[in-house]
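Asker: What follows is a single structure, and I will ask about it in a moment.
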Amino acid sequence: MKGEIIDNNWQWQEVEGSSYLTCNLLLDWQHGFFTKEFYPLTPENLTSILRPKTKAYRVKQVHGNVVLTTQEIDLAVEDKEQRSNLFCDGDGLISSQGQESVWAASADCTPILIGDRQTGIVCAIHAGWRGTSLSIVKQAIARFTEFGSQLEDLRIAIGPAISGEIYQVDEFVAAKVGRTITANACDHNDAEILDKLRLLPNSPVSNDELPGKIRLNVPRVNQIQLEQLGINLDYIAIAPFCTYQQSDTFFSYRRTGEKKVQWSGITNLAF
């Protein structure tokens with residue numbers, strides 16, 4: 001695995017005998033989707049691999065759609081110096097300053113890293129099915145445009161997550177997620193939403209052998225959300241790995257029930 005080129009977009013990097021994944025779409029930035037080999041290192045440790053002396057930012061992930069800037073986090077910390085919770089609630093982080101890195105944790109949920117080639121702004125997102133049903137990736141893109149980003153300048157890497165062929169969910173969960181990519185969704189019931197999802201190219205759902213269940217491809221839904229915003233698919237890459245199936249490389253909460261995570265991070269280079 002170490003040093004192996006996966007395809008035109010993805011390749012493994014090695015540091016001290018351990019491997020992490022990078023995406024060619026993000027070559028302008030130091031970044032990585034780290035594996036279980038790096039556990040229990042935290043972003044504060046891992047950032048030295050990407051860019052030494054960079055301040056690492058992370059949030060308390062709550063499966064929502066709040067995307068914070070590093071400046072907002074700094075202000076919150078200043079306002080609550082004595083608070084017991086060291087991290088702000090949220091599931092996305094944006095940095096527009098130099099010497100910073102932003103991080104997301106995952107163990108089946110979808111980690112997403114984004115960079116703007118013109119401004120240098122970067123973002124790390126944790127997108128489980130709940131965050132995806134709340135369109136967290138759209139919230140992140142809205143924050144980019146708030147800071148002057150143009151969609152054609154964004155490059156997006158969707159990291160290792162549980163695959164659609166494995167991820168079994170209730171039909172109402174798949175329908176709730178699917179409503180985010182279905183036109184006039186409020187006019188359709190759950191069964192109709194699922195029927196429409198099945199008709200999509202590279203459908204994000206597939207049938208399950210159990211009644212009331214379905215298989216859901218969360219990374220694909222996030223890709224479709226981005227495409228519907230007007231982002232060229234050539235600028236979006238999905239990692240060809242499944243956290244559930246590749247037990248030697250990734251933690252999977254669904255596989256083991258353990259609360260162990262791998263981290264994904266990207267540094268701002270202050271263009």
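The values are calculated or read from the model by the stated rules, or taken from the named source; none is laboratory data. On a predicted model such as this, the values are computed, not experimentally measured, just so you know. All Cβ positions, even for glycine, are placed from backbone atoms using ideal geometry, and neighbour counts span all protein chains on display. Just so you know, the surface numbers come from the protein's heavy atoms only, side chains and all, with ligands and any DNA or RNA stripped out. Shrake-Rupley method; radii C 1.70, N 1.55, O 1.52, S 1.80 Å.
Asker: Which is the longest part of the chain that has none of the GluC sites (Glu not before Pro) sitting in a DSSP loop with at most 12 other Cβ atoms within 10 Å?
Answerer: By the stated rule (loop sites, at most 12 other Cβ atoms within 10 Å), 82-164.
Asker: Let me ask something additional. Could you run the Karplus curve 6.51 cos²θ - 1.76 cosθ + 1.60 with θ = phi - 60° over segment 149-164 and give me ³J(HN,Hα) per residue in whole Hz, x for Gly and Pro?
Answerer: 6, 9, 4, 5, 9, 7, 10, 10, 10, 9, x, x, 8, 5, 7, x
Asker: Sticking with this structure for a sec: Based solely on its DSSP helices, what 222 nm [θ] is calculated for the chain when runs of n ≥ 4 H residues each add -39,500 (n - 2.57) and the sum is averaged over all residues, nearest 500 deg cm²/dmol?
Answerer: That calculation yields -7000 deg cm²/dmol at 222 nm.
Asker: Anyone know which of Phe147, Phe251, Phe38 comes out most mobile in the 10 Å Cα GNM of the chain?
Answerer: Phe147
Asker: Looking only at trypsin sites (Lys or Arg not before Pro) in DSSP loops with at most 15 other Cβ atoms within 10 Å, what is the longest site-free stretch of the chain?
Answerer: Segment 84-258 is the longest.
Asker: Once the Cα atoms of segment 106-172 are picked out, what are the Rg and Dmax in Å?
Answerer: That works out to 13.5, 41 Å for Rg and Dmax.
Asker: First compute the accessible area of segment 60-128 with a 1.4 Å probe, then give the percent of it belonging to carbon and sulfur atoms.
Answerer: Carbon with sulfur: 48 percent of the solvent-accessible area.
Asker: At a temperature of 25 °C and a viscosity of 0.890 mPa s, determine how fast segment 47-170 diffuses translationally according to Stokes-Einstein, using the Kirkwood radius over alpha-carbon pairs as Rh; express D in µm²/s, rounded to the nearest whole number.
Answerer: Estimated via Stokes-Einstein, D reaches 162 µm²/s.
Asker: Still on this model: Check cross-link reach from Lys176 to the lysines: straight Cα distance under 17 Å, and skip same-chain residues fewer than eight apart.
Answerer: Candidates past the 8-residue exclusion: Lys138, Lys196, Lys213.
Asker: Could you tell me how far the Cα centroid of segment 121-196 sits from the Cα centroid of segment 241-271, in Å?
Answerer: About 19 Å separates the Cα centre of segment 241-271 from the one of segment 121-196.
Asker: Show the residues, 5+ positions off or on another chain, whose built amide H is closer than 5 Å to the amide H of Gln30.
Answerer: Close amide H contacts, sequence-distant or interchain: Thr267.
Asker: Keeping every protein chain present and rolling a 1.4 Å probe, give me the accessible area per residue for segment 148-265 in Å².
Answerer: Per residue, segment 148-265 has 47 Å² of solvent-accessible surface.
Asker: For the chain, what D do you get in µm² per second when you plug the Kirkwood radius from alpha-carbon pairs into Stokes-Einstein at 37 °C and 0.692 mPa s?
Answerer: 175
Asker: Could you state the accessible area per residue of segment 82-143 in Å², with a 1.4 Å probe and every protein chain left in place?
Answerer: Result: 31 Å² per residue.
Asker: Based on DSSP, what percent of beta bridges with both residues in the chain are antiparallel, to the nearest 5?
Answerer: The antiparallel fraction comes to roughly 80 percent.
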